[in-house]
Amino acid sequence: MTEQEFRNWLKKVDLNGDGRISSGELKQALHVLGISWPTARAWWAVRKNDVNHNHYIDGDLEMKKLTQYAAKHWGVVVRA
Ligand SMILES: [Ca+2]
């Protein structure tokens, strides 16, 4: 998928619509994508990209970091 598609996907990942992504929501999303070890990957991804340390992926900077992280570690973003 493209980076834009990934950003749209992230909006759907936010299951309760509060504008931020918890590791639980990310885990569900990774599971749907068929990516292995969703629990560990989701936990680690939030830990690595949660710049303000509130345990959620929120705001443009963290979303962008997560997008880059996904491209690098999950291979889900194929082009910019
Ligand atoms: Ca955060």
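Table: residues versus (1) of a type outside the set (Ser, Thr, Tyr); (2) open to solvent by less than 30 Å² (accessible area, probe 1.4 Å); (3) over 20 Å from residue 11 (Cβ atoms).
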{"residue": "38", "(1), (2), (3)": "yes, yes, no"}
{"residue": "44", "(1), (2), (3)": "yes, no, yes"}
{"residue": "51", "(1), (2), (3)": "yes, no, no"}
{"residue": "60", "(1), (2), (3)": "yes, no, no"}
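Within the range 39-54, being in contact with a Lys or Arg (Cβ under 7 Å, 6 or more places away or on another chain) and small (Gly, Ala, Ser) holds for one residue alone: 42. Residue 67 satisfies every condition listed in (1) away from the ligand (no atom under 12 Å from the Cβ); (2) free of Cβ contacts under 8 Å to residues at least 12 places away in the same chain except (2). Residues of the range 1-21 that are surrounded by 13 or more Cβ atoms within 10 Å (Cβ to Cβ) and under 15 Å from residue 76 (Cα atoms): 1, 3, 5, 6, 7, 9, 10, 13.
Using the structure shown, decide if residue 20 is in contact (Cβ under 8 Å) with a residue 40 or more places away in the chain and under 12 Å from the mean Cα position of the chain (by Cα). When the stated conditions are applied, residue 20 does not pass them.
If you check residue 24 against the conditions, is it more than 11 Å from the ligand (Cβ to nearest atom) and open to solvent by 50 Å² or more (accessible area, probe 1.4 Å)? It is false that residue 24 is more than 11 Å from the ligand (Cβ to nearest atom) and open to solvent by 50 Å² or more (accessible area, probe 1.4 Å).
The values are calculated or read from the model by the stated rules, or taken from the named source; none is laboratory data. No experiment lies behind these values; they were computed from the predicted model shown. Neighbour counts run over all protein chains shown; Cβ positions are idealised from the backbone, glycine included. Note: accessible area is taken over every heavy atom of the protein model, side chains too, but ligands, DNA and RNA are not part of it. Shrake-Rupley method; radii C 1.70, N 1.55, O 1.52, S 1.80 Å.
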